Amino acid sequence: MTDDLRAAPAVTARQPRAIHSALTVLEAVAELGPGVTARELSGHLGLPRATAYRLLNLLVADEYLVRTTDLSGFALGAKVAQLAEAVSPVRLPTAARLLVAEARTSLRAGVHIVGFEGARLVIVDEDPDFPLRDRVRLSRDPGVFALGRLLLVAQGDTGPVGRAAAAELGARGAVRVEHVPASIGCLAVPIRDAHGHVAGALAFAGPRHRIIEPAAIISHLAPVAERIAPFVT
């Protein structure tokens, strides 16, 4: 037995249960989305409120979770992102990055690459000059944003928002929202996998008037989405 093993603290009978509870909290935050509150987690998991708070505080201290900017809720932290990246990093090749960079320069607005994993949005490449405005709301209220509406389409959502988004996608080849807030609009062009399924999006965010008549933006982004699809799906 090495010195390192002899020096390692013993694992007590209660610790595996605590570790399992902490992992369950992480899974719940990932499922419920950024901004979930301690009260919501407690109810969702059936944990006593004091236990939920204790686990949340420990996970925040270890950077597996972070508090949202208004301090009312929680989101996955840097360590979780590092683990996810180590397992399945999405690294765009130079050619794809150049295509997106050219689109950003030409359109002079936010252009983002997003992948869809089940019900989750995965930010593949966020525009550094025009970052996403509200990640928490995007996750928790997807129908307010074009990206979220396209995700509903990808999931086969049959609600009124999902049906409307699917109809617009069929008619225009993109999904748009004109009021996030009133002076801003957003548009999402699908990135499709080899089977033609919507697996992500190339998103535009900019002045609302450019979304009202989006043909020029769609014609610019659609070929880029098609060319980068093999590297995102």
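The values are calculated or read from the model by the stated rules, or taken from the named source; none is laboratory data. Here the structure is a predicted model, which is why all the values come from computation and not from measurement. Ideal geometry is used to build each Cβ from the backbone, glycine not excepted, and the neighbour counts take in all protein chains shown. Calculation scope for accessible area: heavy atoms of the full protein, side chains included, ligands and nucleic acids excluded. Shrake-Rupley method; radii C 1.70, N 1.55, O 1.52, S 1.80 Å.
Miscellaneous remarks
- Linear extension gain, Thr37 paired with Asp134, 0.36 nm per residue minus alpha-carbon span: 33.2 nm
- Note, ³J(HN,Hα) from phi for region 38-52, Karplus 6.51, -1.76, 1.60, rounded to Hz, x at Gly and Pro: 4, 5, 5, 5, 4, x, 5, 9, x, 9, x, 4, 5, 5, 4
- Radius 13 Å from Cβ of Phe116, net charge of other residues (Lys, Arg +1; Asp, Glu -1): 0
- With distances taken between every two different alpha-carbon atoms, region 166-213 has a Kirkwood hydrodynamic radius of 11.2 Å.
- If you run the Gaussian network model on the chain, springs between alpha carbon atoms under 10 Å, then out of Gly162, Gly206, Gly196 the most flexible one is Gly196.
- Average accessible surface for region 117-233: 51 Å² per residue, computed with a 1.4 Å probe over protein heavy atoms with every protein chain in place.
- Peptide ranges 186-195, 59-68, 27-36 listed from the most packed, as the mean C-beta count within 10 angstrom indicates: 186-195, 27-36, 59-68
- Net charge, Gly185 excluded, C-beta distance under 12 Å - Lys, Arg +1, Asp, Glu -1: +2
- Applied to region 190-199, the Karplus parametrisation 6.51 cos²θ - 1.76 cosθ + 1.60 on θ = phi - 60° returns per-residue 3J(HN,Hα) values of x, 9, 10, 7, 5, 9, x, 7, 5, 10 Hz, with x for Gly and Pro.
- The alpha carbons of region 184-233 stretch over 34, 16, 15 Å along the principal axes, in descending order.
- Under 5 Å from the amide H of Val36 lie the amide H atoms of Phe74, each residue being 5 or more positions distant or on a separate chain, with H modelled from the backbone and absent for Pro and chain starts.
- The residues packed around Thr24, meaning those with a beta-carbon under 11 Å from its beta-carbon, carry a net charge of -1 if Lys and Arg are +1 and Asp and Glu are -1.
- Per-pair calculated FRET efficiency, R0 = 22 Å: Thr158 and Glu178 via Cβ, rounded to 0.05: 0.40
- Helix 94-107 and the longest principal axis of the C-alpha atoms of the chain enclose an angle of approximately 60°.
- Each residue of region 146-155 was assigned a 3J(HN,Hα) from its phi angle through the Karplus expression (A = 6.51, B = -1.76, C = 1.60, θ = phi - 60°), giving 4, 4, x, 5, 5, 4, 4, 4, 4, 7 Hz with x at Gly and Pro.
- Rounded tilt (10° steps) of 15-32 against the dominant C-alpha axis of the chain: 20 degrees
- Largest-first principal axis extents of the Cα set of region 97-233 (Å): 37, 36, 29
- Per residue, the chain reaches -15500 deg cm²/dmol at 222 nm when only DSSP H runs of four or more residues are counted, each adding -39500 (n - 2.57).
- Sulfur and carbon atoms: percent of accessible area, the chain [1.4 Å]: 56 percent
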